[in-house]
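> Sharing a structure here in structure tokens format.
Just so it is clear, none of the values below were taken in a lab; they were calculated from the coordinates. Predicted, not measured: the structure shown is a model, and the values here were computed from it. Because the Cβ atoms are built from the backbone with ideal geometry, glycine has one as well, and the counts that use them run over all protein chains shown.
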Amino acid sequence: MLGNVTLVENGEIANIATDGELITKVCPSSPASSGQLSLHFENAIAFPGLINSHDHLDFNLYPQLGDRFYSNYTQWGDYIHQNYKPEIQKVLKIPTELREHWGMIKNLLGGVTTVVNHGEPVKSKQRLINVFEDYQFIHSVGFEKDWKLKLNNPLKRKLPVAIHVGEGKDTIAHTEISRLLKSNFLRKKLVGIHGVGMDESQARAFEALVWCPYSNYFLLDRTADVKALKMQTNILFGTDSTLTGSWNIWDHIKMARETSLLNDEELYRSLTVNAANIWKLNNKGLTAGQNADIVIAKKKGTKASDAFFALEPQDILLVVVKGNIVFFDEAIYPQLKGTDISRFEPINLDGTTKYIKDGVTELVNQIKFYYPEASIPFSTDQIAEHA
């Protein structure tokens, strides 16, 4: 039971009871104890684990690559492969499984409990968070040689298609979207990614658009007009990888909020219930029967919604995935005495001590072996253990 938390969705103070992978009760009074672990919080907010609807898990050890603004993503892709060959090769020396594992840790640090990986099936067996792959992956019109054949594969007729499209500010980007729509002979459900060149009439043909403002501004100095597009399709939220963005999802969320293209409720829903609906996840909110994917964080300020948008990774106190604690702050440590936390290791994140499950120190050591310059946003140096 997670007690005395303020729900971001309605500002009410509640206690959240779980059993196995599901939430069983959310109520003002403490539910009857079932003998499970009970944690009490002071001045904390609770929200469903965030859903990052676009990332490339194996691309998150790259630095940001690019030194100017581009007309479209193919122009950027050609440029970085010509001008950043040494940087690219250094990262590619790291085994794919390690890079994927790191991508999941990157998301976990920000309170993401489900990530939609845009790429081939993930090889890493380390799954601290949910990796959603129940869709048809097509990279893009510009870089996928046989995209039309893949799009119209009848064996995958029932799967939604997620594809980069319209990632640019020129005519090429806009007409690429029309080419995709005209070629969708099987009328598959399309989830477009980026859509900077998308107009309202095109948006109506998409089940959803994944908005990645940080990546868009880095590459193009422009982003999708989601203020208009949201009237025609569902808007989801994505970070893309560190090739074009910050490792910290809260940098992305704050930038999105500053654009005012979505209001606070719309932005929050793009990270939670909208994404859960599109990907058909049982994670539509903190209510009974939903997955126990839960984040507890420090409440900064009086209004729960403002506290949510003010968050940074160091403010996160607890992350629960499928009913299991996978990440917690040292402030929670005393309440965990008597439970088995032997698989957790401490890290120092921006002056705070956090605990992550399952081999984060070994992961960082292996990454550094292949790529000593790798940018890791926390330290795994020896941290004093609790008595």
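> Measure of size requested: the Rg and Dmax of the range 139-232, with Cα atoms as the atom set and Å as the unit; please supply both.
Every Cα atom of the range 139-232 included, Rg and Dmax give 12.7, 39 Å.
> Sticking to Cα atoms, compute the Rg of the range 202-360 to one decimal and its Dmax as the biggest Cα-Cα distance, whole number, in Å.
So, for the range 202-360, Rg and Dmax equal 17.5, 57 Å respectively.
> Once the Cα gyration tensor of the range 92-151 is diagonalised, what are the square roots of 5 times its eigenvalues, in whole Å and ordered largest first, as equivalent ellipsoid semi-axes?
24, 14, 10
> If we restrict to alpha carbons, what Rg and Dmax does the range 301-372 come to, in Å?
So, for the range 301-372, Rg and Dmax equal 14.6, 46 Å respectively.
> Name the residue, out of PHE185, PHE309, PHE327, whose mean-square fluctuation peaks in a Gaussian network model built on the chain with Cα pairs under 10 Å.
Comparing PHE185, PHE309, PHE327 in a Gaussian network model of the chain, the most mobile one is PHE185.
> Taking the chain as a Gaussian network, where each spring joins two C-alpha atoms under 10 Å apart, which residue of ASP146, ASP340, ASP55 fluctuates the most?
So, out of ASP146, ASP340, ASP55, the one fluctuating most is ASP340.
> Once you have the alpha carbon radius of gyration of the range 51-279, what is it after dividing by 2.2 N^0.38 Å, with N set to its residue count?
Taking N as the residue count of the range 51-279, the ratio is 0.95.
> Can you tell me what the convex hull of the Cα atoms of the chain projects to on average, as an area in nm²?
19.0 nm²
> On a full-extension model of 0.36 nm per residue, what is the gain between ASP67 and ASN263, subtracting their alpha-carbon distance, rounded to one decimal in nm?
So the chain would gain 67.4 nm between ASP67 and ASN263.
> About its Cα centre, how strong a charge dipole does the range 51-279 have in debye, to the nearest 20, once Lys and Arg get +1 and Asp and Glu get -1 at the Cβ?
Around 680 debye, computed over the range 51-279.
> What does the charge count around ILE172 come to, taking other residues whose C-beta lies under 15 Å from its C-beta (Lys +1, Arg +1, Asp -1, Glu -1)?
-2
> While we're here: Dipole of the chain, Cα-centred, from +1 at each Lys and Arg C-beta and -1 at each Asp and Glu C-beta, to the nearest 20 debye?
For the chain, the charge dipole is close to 1200 debye.
> Among the chymotrypsin sites (Phe, Trp or Tyr not before Pro) in the range 36-90, which ones are in a DSSP loop with at most 15 other Cβ atoms within 10 Å of the Cβ? Mind listing them?
Taking the range 36-90 and a limit of 15 other Cβ atoms within 10 Å, the loop chymotrypsin sites (Phe, Trp or Tyr not before Pro) found are PHE69.
> Still on this structure: State log₁₀ I(q)/I(0) for the range 2-104 at q = 0.15, 0.18, 0.21 Å⁻¹ as given by the Debye formula over alpha-carbon point scatterers of equal weight, solvent excluded.
Rounded to two decimals, the profile gives -0.75, -0.88, -1.08.
> If you average the alpha carbon positions of the range 93-133 and of the range 226-292, how far apart do those two centres end up, in angstrom?
18 Å
> DSSP loop trypsin sites (Lys or Arg not before Pro) in the range 245-289 with at most 13 other Cβ atoms within 10 Å of their Cβ, which ones?
Within the range 245-289, the qualifying trypsin sites (Lys or Arg not before Pro) (loop, at most 13 other Cβ atoms within 10 Å) are LYS280.
> Quick check on packing: order 313-323, 371-381 by the mean number of other C-beta atoms within 10 Å, highest mean leading.
Put in order of decreasing packing, that is 313-323, 371-381.
> While we're looking at this one, here's another question. Among PRO28, PRO121, PRO334, which one moves the most in a GNM of the chain with springs linking Cα atoms closer than 10 Å?
PRO334
> Are there trypsin sites (Lys or Arg not before Pro) in the range 162-191 that DSSP puts in a loop and that have at most 15 other Cβ atoms within 10 Å, and which ones?
Listed in order of number, the matching sites are ARG187.
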